[in-house]
């Protein structure tokens, strides 16, 4: 507490006048202290699921956590609708970026907005992409079975996905 805050507090206490006023002032101070201590915990509790990106960090709406260690948020579904596929319709670009398209994740089928420049390497799970691309937050395995130009689509069923990075959010 600096000297100005102390002087203001002393003035307020002096002007309280009644016990009820003093209790109100004291109660307000306790409440302010509690909010300062626990305010970030309450905000953290409101962040759930894929937007939660480490302790005390929540990704903005429309983004998901790409890397909890670095608290890096990446494009989530973006402007894609569920079920959109750039492979079936090349008009399914997203986030106003012609270099990004809508693809469905191999693991859960959720549609995401991804950079259309493949990271390379056929995959069966997101873990395959994370291992192959440790410096790319949010790298994931996407279903490319409908993509005519993917070298992975004819691979065995377990490795017919392709690794992509999330579309840049800026």
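What are the residues in segment 131-163 that are part of a helix (DSSP H, G or I) and at pLDDT 85 or above, if any?
Matches in segment 131-163: 131, 132.
With over 26 Å from residue 134 (Cα atoms) and either part of a loop (DSSP other than H, G, I, E, B) or at pLDDT below 80 (or both) as the only criterion, which of 66, 21, 54, 78 stands out?
Only one candidate passes the filter, namely 21.
Which ones in segment 81-98 are without any contact (Cβ under 8 Å) to a residue 60 or more places away in the chain and either assigned to a strand (DSSP E or B) or on the phi > 0 side of the Ramachandran plot (or both)?
Residues satisfying the conditions are 83, 93, 96, 98.
The values are calculated or read from the model by the stated rules, or taken from the named source; none is laboratory data. Since this is a predicted model, take the numbers as computed values, not measurements. Counting neighbours? That spans all protein chains shown, and the Cβs are built from the backbone with ideal geometry, glycine included.
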